[in-house]
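The numbers here are math on the coordinates, done by the rules we state, and not lab data. From a predicted model like this one, the values you see are computed outputs, not experimental measurements. Counting neighbours? That spans all protein chains shown, and the Cβs are built from the backbone with ideal geometry, glycine included.
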Amino acid sequence: DLEAAPLLYDLLMEREGADTVNVSHRKLPSHQEHCDFVRNHPYAAWYIIFDKHVPVGSIYLTKPPRPSIAGNEIGVFVFKAYQRSGYARAAIQLVMEKHGPGRYLANVNPLNTASIDLFVSEGFNLCQYTFEKNHESADIRTA
């Protein structure tokens with residue numbers, strides 16, 4: 001829903017530059033790129049977290065990359081002013097209750113100890129390490 005796009009962009013901007021948070025992008029998208037992203041409905045589910053009528057964050061579930069892979073990845077972000085107040089924990093629990101039994105994953109920056117502690121305390125277990133290398137393509141010619 002594009003009505004939520006400005007709030008979601010504010011949340012994204014607050015996270016930007018935090019070396020312990022981002023795992024999916026290296027630079028902040030433009031506001032228009034963000035609106036296009038929201039308009040494309042990239043997630044299986046995406047919710048705004050409220051305390052009464054005040055938005056405090058968001059949580060989403062990704063679409064499994066292919067039907068043979070079970071599991072939805074949870075992404076949860078809370079505005080700094082509301083962090084460590086139980087909102088992320090409650091949102092994770094509510095989303096899993098709403099979407100039912102199954103495999104849930106969380107892709108967390110390894111430097112984000114608060115998120116790691118949160119997911120571990122919710123019963124999540126480390127199941128993989130993901131490595132990244134940005135490699136410039138070479139000009140290779142066949143003989």
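Spacing of the modelled spin labels on His41 and Asn107, each 7 Å from Cα toward Cβ, amounts to 2.1 nm. Length available on full extension from Leu94 to Ser137: 0.36 nm per residue minus the Cα-Cα distance, which gives 11.1 nm. Among 48-57, 95-104, 123-132, the peptide with the highest mean count of other Cβ atoms within 10 Å heads the list, and the full ranking is 48-57, 95-104, 123-132.
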